[in-house]
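The values are calculated or read from the model by the stated rules, or taken from the named source; none is laboratory data. Note that the structure is a prediction, hence the values are computed from the model and not measured. We place every Cβ from the backbone using ideal geometry, glycine too, and count neighbours over all the protein chains shown. Side chains included, ligands, DNA and RNA excluded: accessible areas come from the protein's heavy atoms. Shrake-Rupley method; radii C 1.70, N 1.55, O 1.52, S 1.80 Å.
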Amino acid sequence: MGLGRLALVLSLFCFSCKSSSGQEITVVNHEDMLERVVDKEVQLVDVRTTKEYEAGHIGDAINFNISDGGKFLEQIKSLNKYEPVYLYCKSGVRSKRAAKLLQKEGFTQIFDYSGGYDDWKKSKY
């Protein structure tokens, strides 16, 4: 196989591995949240329990409890799939799970705050 043909095959292979729907999950940190979310009009979802949310949350976050399975899937239908969605939980475990669910549901710009609310509180904004 010639070099040009090999390059073409490799580029086609690489292109086919990338999601055509652009459904990548981007992990963000505290600084990203300050820059992209605080005082901005974004879809910010706290996926913790109602009790955790009521004890404190980030900015204007809405609360969709990931532990409520079917209800969570129903609630996310109110979000715009084509606009950025920022997710967080207590430490990053539940938001990662929520991000994968959003990805499966066709959301295109998913941001997961890996440190979660625990990181937010200790950073003092």
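Annotations for the structure displayed:
- Test for Val28: is it at pLDDT below 95 and among the hydrophobic types (A, V, I, L, M, F, W, C): no
- There is no residue in region 43-53 that is open to solvent by less than 80 Å² (accessible area, probe 1.4 Å) and at positive phi.
- Considering each residue of region 91-98 in turn, at least one proves to be in contact (Cβ under 8 Å) with a residue 12 or more places away in the chain, within 12 Å of Val47 (Cα to Cα), of a type in the set (Gly, Ala, Ser) and surrounded by fewer than 17 Cβ atoms within 10 Å (Cβ to Cβ).
- Qualifying positions in region 30-66 - β-branched (Val, Ile, Thr), assigned to a loop (DSSP other than H, G, I, E, B) and under 16 Å from the mean Cα position of the chain (by Cα): Val37, Val38, Val42, Val47, Ile58
- Lys121 being open to solvent by 30 Å² or more (accessible area, probe 1.4 Å), under 8 Å from the mean Cα position of the chain (by Cα) and under 20 Å from Thr49 (Cα atoms): no
- Condition broken by Val27, with the remaining ones in (1) open to solvent by less than 70 Å² (accessible area, probe 1.4 Å); (2) of a type in the set (Val, Ile, Thr); (3) under 10 Å from the mean Cα position of the chain (by Cα) satisfied: (1)
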